2 protein chains.
Amino acid sequence: MKRNERVGALVKILCDSPNRIFTLSSFTELFDSAKSTISEDLLVVKQLMDQMGLGKVITLPGASGGVKYIPNTAKNEKIRFLEELCGRIGESGRAIPGGYLYLADLFNHPEYVSRIGAIFAERFIEEQIHYVMTVETRGIPIAMMTAFYLNVPLVIVRNENKPTEGPTLSINYISGSKGDLKTMYAPKRAVKPHSNVLIIDGFIRGGGTAKGLEDLVREFDSTVKGVGVLVEFQEPVQKLVRLYYPLVRLSEETATGSIKVTPNLDV
Amino acid sequence: MKRNERVGALVKILCDSPNRIFTLSSFTELFDSAKSTISEDLLVVKQLMDQMGLGKVITLPGASGGVKYIPNTAKNEKIRFLEELCGRIGESGRAIPGGYLYLADLFNHPEYVSRIGAIFAERFIEEQIHYVMTVETRGIPIAMMTAFYLNVPLVIVRNENKPTEGPTLSINYISGSKGDLKTMYAPKRAVKPHSNVLIIDGFIRGGGTAKGLEDLVREFDSTVKGVGVLVEFQEPVQKLVRLYYPLVRLSEETATGSIKVTPNLDV
């Protein structure tokens with residue numbers, strides 16, 4: 001194969017499995033090429049990804065070393081995307097009785113979901129995440145794409161104790177919107193003790209769900225390394241969790257019923 | 001930029017958005033290069049993807065034409081992957097009281113989920129799919145990745161009528177395992193009339209859920225173009241749907257309680 005073919009193939013293989021370490025020797029075997037040749041190919045890959053803002057290719061030294069791809073969106077591109085998303089969320093006709101917004105079209109479209117997942121993954125990639133956790137149902141697609149870019153399993157917490165999950169750990173939590181006490185359940189074997197967990201959810205209002213997920217992670221003898229939410233409702237101002245990372249913020253003018261959606265500029 | 005850099009960048013851009021058509025002129029602008037140069041670059045991309053079995057790059061002629069990437073796994077590689085999956089599903093220790101299997105670790109791991117999604121997408125890519133539809137909860141990750149590779153929205157059907165979904169269309173269906181009558185709900189605005197829908201689910205046992213989803217698609221004045229399921233239970237032999245595409249088949253020896261999992265060789 002020629003260099004340009006190897007470069008193309010390396011890009012594909014690395015980007016198909018984000019955050020996964022490939023050894024240099026796996027590539028020398030695959031392409032039947034010398035280490036020095038593959039090293040030069042990888043240098044081309046690194047440079048073109050940097051130059052085009054397409055992500056980062058990182059070399060890890062040592063015996064367990066190798067090379068891996070991680071997404072890396074430029075800050076201005078992230079803000080441009082979030083502004084586009086804010087525009088879509090703020091479109092008229094999304095209001096649903098009860099103060100809800102219809103957002104399933106955005107939450108479930110791969111072009112949005114994959115970019116959202118990449119932004120969450122980029123933020124927490126240094127935290128040695130072992131699992132992404134979410135609670136059913138609406139946050140699952142963005143949590144899945146975050147797990148994809150971090151290359152870790154997704155843990156789906158359930159609102160009911162399902163017989164398909166086997167033994168479960170459960171936690172009671174205050175459902176933010178009405179203050180109801182609810183219970184959620186995760187398979188006992190879904191999280192190994194002493195793991196690092198990233199919580200991802202679609203919305204944060206009072207923070208009761210996020211707080212419940214944090215408590216659940218602790219019941220697994222594990223550590224919450226971050227909470228990522230797509231939409232933060234400004235009200236109530238006092239949330240039950242202190243640290244979380246919203247991508248956009250939504251406030252409602254109670255007088256007119258109109259909403260304002262703004263991007264988090266600290267992305 | 002040099003050719004090898006452009007080739008790498010083209011691979012990344014095309015594969016980040018599977019099944020999306022990019023015009024040649026979008027690339028000539030991006031790289032500030034002549035059409036003939038980009039055409040030659042794309043030829044290199046096509047050939048290397050073919051040669052390495054990394055997917056297909058297709059050129060579409062005409063005014064609305066351009067170039068797009070679609071996943072395209074070699075048949076023997078698909079079968080190798082499904083055999084690996086069968087081995088994992090058949091591992092001891094997965095049995096749960098009630099005849100269930102604990103499979104969340106496989107269903108939610110990006111490395112499995114993304115390959116499963118690619119295999120479904122490849123099968124139905126010619127069907128002009130407009131939506132992938134699934135019912136909560138366990139099938140959502142594989143349905144999401146299928147939607148990603150087809151570049152169409154995912155429609156998540158709910159088991160309850162949630163206030164966050166707005167007006168819904170509902171359907172009653174026979175829950176296969178016990179024959180119970182249940183109801184499921186999809187947002188009224190989630191599917192435009194006269195659409196082509198691909199149904200994706202984790203399991204098929206009696207086929208009641210798949211049948212319900214088919215009925216629901218028809219209520220949207222739309223057409224079911226396929227039903228993809230990850231695991232087909234051999235029992236009951238008589239299913240409520242006629243045509244579906246399983247990736248693996250599972251049979252239970254009632255005498256010993258042991259299970260047998262085999263790949264669908266027609267992939």
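No lab work stands behind these numbers, since they all come straight from the coordinates. This structure is a prediction, so every number in the text was calculated from the model and none was measured. So basically every Cβ, Gly included, is an ideal-geometry build from the backbone, and we count neighbours across all protein chains shown.
Estimated from helical segments only, the mean residue ellipticity of chain A at 222 nm is -11500 deg cm²/dmol, where each DSSP H run of four or more residues counts as -39500 (n - 2.57). Rounded, prolate or oblate for the range B:126-240? Axes are the square roots of the Cα gyration tensor eigenvalues, ordered a ≥ b ≥ c, and the cut-off for rounded is a/c under 1.5. The shape class here is oblate. Shielding value for B:158-166 is 5, the average number of Cβ atoms from other chains within 10 Å of each residue's Cβ. Working from Cα pairs under 8 Å separated by at least six residues, relative contact order for the range B:64-165 is 25 percent.
This model, with +1 at the C-beta of Lys and Arg and -1 at the C-beta of Asp and Glu, gives the range A:3-70 a dipole about its Cα centre of some 180 debye.
For the range B:75-263, the relative contact order comes to 18 percent (Cα pairs under 8 Å, sequence separation of at least 6). Farthest towards the positive end of the charge dipole of chain A, among the residues A:193, A:168, A:153, is the Cα of A:193, using unit charges on the Cβ of Lys, Arg, Asp and Glu. Converting phi to 3J(HN,Hα) with the Karplus coefficients 6.51, -1.76 and 1.60 and the offset θ = phi - 60°, the range A:71-88 yields x, 7, 7, 5, 4, 5, 6, 4, 5, 4, 5, 5, 5, 4, 4, 4, x, 5 Hz in sequence order, with x at every glycine or proline. Once the gyration tensor of the Cα atoms in the protein assembly as shown is diagonalised, the equivalent ellipsoid follows with semi-axes of 35, 29, 25 Å, ordered largest first.
Annotation: amide H-H contacts under 5 Å for residue B:203 (H modelled 1.01 Å from N, sequence separation of 5 or more, or interchain): B:230, B:231.
The aspartates and glutamates within cross-link reach of residue B:192, meaning a Cα-to-Cα straight distance under 16 Å and a gap of 8 or more places when in the same chain, are A:105, B:165, B:214, B:215, B:219, B:221. By DSSP, the beta bridges lying fully in chain B are antiparallel in about 50 percent of cases. Cross-link partners for residue A:56 among the aspartates and glutamates, with Cα-Cα distance under 19 Å and sequence neighbours closer than 8 places in the same chain left out: A:16, A:40, A:41, A:77, A:122, A:126, A:127, B:5, B:16. Each residue of the range A:237-254 was assigned a 3J(HN,Hα) from its phi angle through the Karplus curve 6.51 cos²θ - 1.76 cosθ + 1.60 (θ = phi - 60°); the sequence is 5, 7, 9, 7, 10, 8, 10, 7, 10, x, 8, 9, 10, 10, 10, 10, 8, 4 Hz, with glycine and proline shown as x. Amide H to amide H distances under 5 Å link residue B:225 with B:197, B:198, B:199, where only residues 5 or more positions off or on other chains count and H is placed in the peptide plane. How large is Rg/Rh for chain A, to two decimals, with Cα atoms and a Kirkwood Rh? We get a ratio of 1.03 for chain A. In the structure shown, the pairs A:2/B:75; A:188/B:260; B:178/B:211; A:2/B:68 are assessed against 18 Å; a Cα-Cα span above that value is assigned to A:2/B:75; A:188/B:260; A:2/B:68. Scalar couplings 3J(HN,Hα) for the range A:204-220, obtained by applying the Karplus form with A = 6.51, B = -1.76, C = 1.60 to θ = phi - 60°, are 10, 10, x, x, x, 5, 4, 4, x, 5, 4, 4, 4, 4, 5, 5, 8 Hz; x denotes Gly and Pro.
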